[in-house]
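Step one of this worksheet: look at the structure below.
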Amino acid sequence: MPSNTYQAETGARIKKARLALGLTQKEFAASLGIVQGFLSGIETGRKRPSDTLLIALSHTHGINPDWLKDGSGESFKNSTAADAPTAYRAPLLDVIPEQFPEDAGTIRRYVSVPEMPDGCFAIVCYGDFMAPTIRDGDLVIFKPDSEQKKSGDIILVNNRWGEPILRRYRLKDDEVYLAPDNPAYAPFRPDSDTRTIGTVVDVWRKVLI
């Protein structure tokens, strides 16, 4: 199949899947870690989607990879386009207010989060404290919950200055430690002012194209 024909037909299928999910270009692009302009170019056949992006479409939104490539089979795994799963739209926060979750503060936008429980929120990770598990710029999905955490979970807590930070919750000999995954940094014990904001349920990394 000529390259320009492949691009046009693949782009049209990607657009059809996006519309079946009920997502705008901006929301769909954000869920895949690409910019809206690049997605627009793909949907109109001006840009060629990379193999990495096709994998992300299949993994993130359950789109049938064979259908994406050549139109064979159903558009969604184990379903038809009409029965495509509805994605939960999680609020992306710039900052987390002191009164969260009662007050969510300013919502930058909503991101598509398929197969996630209702009530999740999203933030962008800054820094390398949790590398390589979570890297600078990753999108972190968390659920407000301070009671259900268990040893090994990654949680969002406030530091001594009230800023949200990500750490792994460790319980050893009835002692609680909050540990970074990056060995260059040291764990610490929470004090009476340390508040658990939520538990991380998923991490999305930008797709390289």
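Structure notes:
- Members of the stretch 137-163 that are within 26 Å of A30 (Cα to Cα) and modelled with pLDDT of 90 or more: V140, I141, F142, K143, P144, D153, I154, I155, L156, V157
- Residues that are without any contact (Cβ under 8 Å) to a residue 60 or more places away in the chain and within 19 Å of the chain's Cα centre (by Cα), drawn from the stretch 15-27: R18, T24, Q25
The values are calculated or read from the model by the stated rules, or taken from the named source; none is laboratory data. The shown structure was predicted, so the numbers you read here are calculated from the model rather than taken from an experiment. So basically every Cβ, Gly included, is an ideal-geometry build from the backbone, and we count neighbours across all protein chains shown.
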